[in-house]
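Asks: Dumping the structure here so I can ask a few things about it.
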Amino acid sequence: MTSVSTDPTLQRYRDEIAALDRQLVEIVNARLAAVVELHRYKGEQGLPVRDPERERWLVEHLQGENAGPLTAEGVAELVEFVLELIRKEQARG
């Protein structure tokens, strides 16, 4: 039996997942930067920062675009998580 630390198949999967995780962090950082700019613009225009109708649209839109295996419920949870994370990051400055 191959040890876990030297199993090349296991390492390949781990490397792939780590690369995807790095991409995920990059995407969230890019989203945060875009939201900061959007909120700056909204502030200049006197518009409310939060738009619950747009958030609902986003969930429904992404559920429609999702090819799986993530479920529609999973998409909704992911969007809610990301939105909450972005709010917290903005509050942290």
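The values are calculated or read from the model by the stated rules, or taken from the named source; none is laboratory data. The structure presented is a predicted model; accordingly, all values stated were derived computationally and were not measured. With ideal geometry, Cβ positions are generated from the backbone for all residues, glycine too; neighbour counts draw on all protein chains shown. Protein only, heavy atoms only, side chains kept; ligands, DNA and RNA dropped before computing areas. Shrake-Rupley method; radii C 1.70, N 1.55, O 1.52, S 1.80 Å.
Asks: Which residue, chosen from LEU24, LEU58, LEU85, occupies the Cα position most advanced towards the positive end of the dipole of the chain, where the dipole is computed from +1 (Lys, Arg) and -1 (Asp, Glu) charges on Cβ about the Cα centre?
Replies: My answer, from the dipole projection, is LEU85.
Asks: Where the centroid of each part is defined by its Cα atoms, how far is the range 23-56 from the range 4-19 in Å?
Replies: So the two Cα centres are separated by 35 Å.
Asks: What's the ranking of 21-30, 55-64 by average number of surrounding C-beta atoms within 10 Å, highest first?
Replies: On the way: 21-30: 10.6, 55-64: 13.6.
The peptides rank, most packed first, as 55-64, 21-30.
Asks: While we're looking at this one, here's another question. Okay, helix-only estimate at 222 nm for the chain: each DSSP H run of n ≥ 4 adds -39500 (n - 2.57), divide by all residues, round to 500 deg cm²/dmol; what do you get?
Replies: Per the formula, -27500 deg cm²/dmol.
Asks: Once the dipole of the chain is set up with Lys and Arg at +1 and Asp and Glu at -1 on Cβ about the Cα centre, which of VAL75, THR6, GLY46 lies farthest towards its positive end?
Replies: GLY46
Asks: With every protein chain left in place, what is the accessible area per residue of the range 28-93 in square angstrom, probe 1.4 Å?
Replies: On the way: 4950 Å² over 66 residues.
With the other protein chains kept in place, the range 28-93 gives 75 Å² per residue.
Asks: How large is the direction-averaged shadow of the alpha-carbon convex hull of the chain, in nm²? Mind dumping the intermediate values first?
Replies: Numbers: hull surface 34.2 nm².
Its Cα hull, projected and averaged over all orientations, spans 8.5 nm².
Asks: So, counting K/R as plus one and D/E as minus one, what does the shell of residues with Cβ under 14 Å around GLU73 add up to?
Replies: Details: positive: none; negative: GLU60, GLU77, GLU80.
Cβ neighbours under 14 Å give a net charge of -3.
Asks: How do 84-92, 31-39 rank on mean C-beta neighbours within 10 Å, highest first? Could the numbers behind the result be given before it?
Replies: Numbers: 84-92: 11.4, 31-39: 13.0.
Sorting 84-92, 31-39 by mean packing, highest first, produces 31-39, 84-92.
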